[in-house]
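Visitor: Here it is, the structure, as structure tokens.
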Amino acid sequence: MKLLNFPLEKRALQYTAVFACSVATFSSGCQYGWSSPSLPLLLSEDSPIPMTNEQSSWVVVICLFGGLCGAICAGITLDLIGRKMAILISSVTFIVSWLMMAFANSLAVLLAARLIAGYSDGLIYGVIPVYIAEISDAGVRGLLGCTVTITFLIGSAFMNVIGTYLTIKWSALICAALPVIILVLLIWIPDSPNFYLIKNNHEKARVSLVAFKGVEEADRTLEILAESVTKGNLRCLFKKPSLKNLLMIMGLRFGQQFSGVIAFTFYAQTLFQEGSDALSPLSGVLIWYAVQILFSTIGALYVDRIGRKPLMIASTIGSVISLLLGGLFFLARDVLGLDTSGISALPTVMLITYIISYSSALQLVPLFLGAEIFASNVKAYSVAISDGYYFIFAGLASKYFQFTMEEYGLN
């Protein structure tokens, strides 16, 4: 049996490890999607934990500050305890955060739970792309790397469904069971060969390579890896070409967050509830995620064939043009007072164009690209900085969105 012209049986452990990692990113998607169905309930008269709009905004974004802490810890510990151990630790903290959310009886406990969940996010997004890149074959590395984003989206959609029909307690308890799968699967799988070489343990590195890629390829790959894997320090990151790569990743992450997607993820059902009578909030959210999942999957299937750069260029151009035209429409209608009745469908068309363009590469590639382009001696530091940068700007974008929504409304 073959997958993408490569024997499936030789990649069985690669796929098992990626599946375990995908459960972690699925759980992260549930955590990000939690606020969408939960906020309307928390702000209602029947709220189990009464809170103001301002307090609810902190319930939403505090996980991003926890993510910053997790990203920093990932950078510090990635080469100390290994990729596998960091993922296992994140599974435990995910379980703790979901249990705290399930039994939270005060705002302080809920905030603490969200902070711990955010820490878990920062840890896994700093480690999992690196782990997948180091254990997977070049022919499917991009595809497997894209599973991080795709399973995140599926998790967010899943949480919107169960969060709509179940109580906060039961939806959290269901999600608390997910990280157990990671613990059961990953504990039997070796760490990446790169980590063992960093620790100067060539014997374990070879065992890892044999497990992931087979005996024939292990010896050849071990020799190549042994020459390329070196220890480094933070100063190496600020030298060429590492500095150029870091600036590129930071630019991509900036574009991701200030496109507004993270705010929509947090407030999806609220936005559909206030913005449209034609669809129920849940239906609108599911359509939104279905489009993202579909085109993210299409992008994932072609990322190894077409290449990262062409897809990123096309995706970025499409996203910029659609957002620009949508912004110009509202400028003409709301600020200049021009008659736009003849092109009233333009915002909807541009929104669809944007999410298709964004999902096809801009949403996928930046997350795993850093794990591919940085040398082993700076990979841990680059991951910490780029992910920390991501969480800072995601937090700023979300707070800015909440402020403008309260001050100026959605119309």
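Visitor: Residues of region 74-123 being of a type in the set (D, E, K, R) and open to solvent by 10 Å² or more (accessible area, probe 1.4 Å), which ones? Talk me through it step by step, then tell me what you get.
Guide: Of region 74-123, the ones of a type in the set (D, E, K, R) are 79, 83-84, 114, 121.
Residues satisfying the conditions are D79, K84.
Visitor: Please find, among V184, V161, V215, V180, the residue that is surrounded by fewer than 20 Cβ atoms within 10 Å (Cβ to Cβ) and either basic (K, R) or more than 26 Å from Q31 (Cα to Cα) (or both).
Guide: Details: V184 fails: either basic (K, R) or more than 26 Å from Q31 (Cα to Cα) (or both); V161 fails: either basic (K, R) or more than 26 Å from Q31 (Cα to Cα) (or both); V180 fails: either basic (K, R) or more than 26 Å from Q31 (Cα to Cα) (or both).
Testing whether each residue is surrounded by fewer than 20 Cβ atoms within 10 Å (Cβ to Cβ) and either basic (K, R) or more than 26 Å from Q31 (Cα to Cα) (or both) leaves just V215.
Visitor: Check whether at least one residue in region 308-322 is small (G, A, S), part of a helix (DSSP H, G or I), under 18 Å from the mean Cα position of the chain (by Cα) and over 25 Å from C63 (Cβ atoms), and report yes or no. Break it down into steps so the answer makes sense when it comes.
Guide: Applying the first criterion (small (G, A, S)) to region 308-322 yields 314-315, 318-319, 322.
Adding the requirement that they be part of a helix (DSSP H, G or I) leaves 314-315, 318-319, 322.
Still in the running and under 18 Å from the mean Cα position of the chain (by Cα): 315.
Then drop every residue that is not over 25 Å from C63 (Cβ atoms), which leaves 315.
So far as region 308-322 goes, yes, one or more of its residues are small (G, A, S), part of a helix (DSSP H, G or I), under 18 Å from the mean Cα position of the chain (by Cα) and over 25 Å from C63 (Cβ atoms).
Visitor: Next question, about the same structure. Counting residues that are within 22 Å of L282 (Cβ to Cβ) and touching a Pro at 6+ places or on another chain (Cβ under 9 Å), which helices (runs of 4 or more DSSP H) fully inside region 1-107 reach at least 1?
Guide: Working: elements: 12-33, 35-42, 53-77, 83-103.
So the answer is 12-33, 35-42, 83-103.
Visitor: Does region 32-53 contain any residue that is surrounded by 24 or more Cβ atoms within 10 Å (Cβ to Cβ), at pLDDT 90 or above, in contact with an Asp or Glu (Cβ under 9 Å, 6 or more places away or on another chain) and closer than 27 Å to V180 by Cβ?
Guide: no
Visitor: Continuing with the same structure: Select, from R333, R305, the only residue that is of a type in the set (D, E, K, R) and at pLDDT 85 or above.
Guide: Details: R333 fails: at pLDDT 85 or above.
After applying the criteria, what remains is R305.
Visitor: Given the criterion buried (at least 24 other Cβ atoms within 10 Å of the Cβ) and either among the β-branched types (V, I, T) or closer than 23 Å to T316 by Cα (or both), identify the matching residue among Y390, Y354. Before you say what the answer is, go through the steps one by one.
Guide: Details: Y354 fails: buried (at least 24 other Cβ atoms within 10 Å of the Cβ).
Selected residue: Y390, the only one of Y390, Y354 that is buried (at least 24 other Cβ atoms within 10 Å of the Cβ) and either among the β-branched types (V, I, T) or closer than 23 Å to T316 by Cα (or both).
Visitor: Which one of these is modelled with pLDDT under 90 and surrounded by 20 or more Cβ atoms within 10 Å (Cβ to Cβ): G126, G155? So that I can check it myself, show each step before the final result.
Guide: Working: G155 fails: modelled with pLDDT under 90.
Only one candidate passes the filter, namely G126.
Visitor: Being part of a helix (DSSP H, G or I), within 26 Å of I287 (Cβ to Cβ), within 22 Å of the chain's Cα centre (by Cα) and among the hydroxyl-bearing types (S, T, Y): is that true of S386 here?
Guide: Working: part of a helix (DSSP H, G or I): yes; within 26 Å of I287 (Cβ to Cβ): no; within 22 Å of the chain's Cα centre (by Cα): yes; among the hydroxyl-bearing types (S, T, Y): yes.
So S386 fails the test.
Visitor: Ok, one more. Can you say whether L246 is open to solvent by 20 Å² or more (accessible area, probe 1.4 Å), assigned to a helix (DSSP H, G or I), closer than 22 Å to I124 by Cα and touching a residue at least 12 places away in the same chain (Cβ under 8 Å), as far as the supplied structure shows? Write out each step before concluding.
Guide: On the way: open to solvent by 20 Å² or more (accessible area, probe 1.4 Å): no; assigned to a helix (DSSP H, G or I): yes; closer than 22 Å to I124 by Cα: yes; touching a residue at least 12 places away in the same chain (Cβ under 8 Å): yes.
Judged against the criteria, L246 is not a match.
Visitor: Those residues that are surrounded by fewer than 16 Cβ atoms within 10 Å (Cβ to Cβ), small (G, A, S) and farther than 24 Å from F152 by Cβ, I need them from region 291-333; list them, please.
Guide: G327, A332
Visitor: Here is a list: P190, P179, P129. Which entry is outside any helix (DSSP H, G or I) and either farther than 30 Å from W34 by Cα or under 23 Å from the mean Cα position of the chain (by Cα) (or both)? Spell out how you get there, then give the answer.
Guide: Numbers: P179 fails: outside any helix (DSSP H, G or I); P129 fails: outside any helix (DSSP H, G or I).
The conditions single out P190.
Visitor: Can you name the number of the only condition in (1) closer than 29 Å to G307 by Cα; (2) of a type outside the set (D, E, K, R); (3) more than 14 Å from the chain's Cα centre (by Cα); (4) crowded, with 24+ Cβ neighbours inside 10 Å that V60 fails?
Guide: (1)
Visitor: Condition first: among the aromatic types (F, W, Y), within 18 Å of the chain's Cα centre (by Cα), modelled with pLDDT of 80 or more and closer than 17 Å to S36 by Cα. Can you find one or more residues in region 255-269 that meet it? Even if it seems obvious, please write down each step before you answer.
Guide: Filtering region 255-269 down to residues among the aromatic types (F, W, Y) leaves 258, 264, 266-267.
Still in the list and also within 18 Å of the chain's Cα centre (by Cα): 258, 264, 266-267.
In the following step, the residues that additionally are modelled with pLDDT of 80 or more were identified as none.
Among the residues of region 255-269, not one is among the aromatic types (F, W, Y), within 18 Å of the chain's Cα centre (by Cα), modelled with pLDDT of 80 or more and closer than 17 Å to S36 by Cα, which makes the answer no.
Visitor: Here is a follow-up. Select from region 352-377 the residues that are among the small types (G, A, S) and either in contact with an Asp or Glu (Cβ under 9 Å, 6 or more places away or on another chain) or part of a helix (DSSP H, G or I) (or both) and list them in ascending order.
Guide: Pass one, region 352-377, residues among the small types (G, A, S): 357, 359-361, 370-371, 375-376.
Listed by number, the residues that qualify are S357, S359, S360, A361, G370, A371, S376.
The values are calculated or read from the model by the stated rules, or taken from the named source; none is laboratory data. Because the structure is a prediction, the values reported are computed rather than measured. Quick reminder, even Gly has a Cβ in these numbers, built from the backbone with ideal geometry, and neighbours come from all protein chains shown. The accessibility values were calculated without ligands, DNA or RNA, using every heavy atom of the protein model including side chains. Shrake-Rupley method; radii C 1.70, N 1.55, O 1.52, S 1.80 Å.
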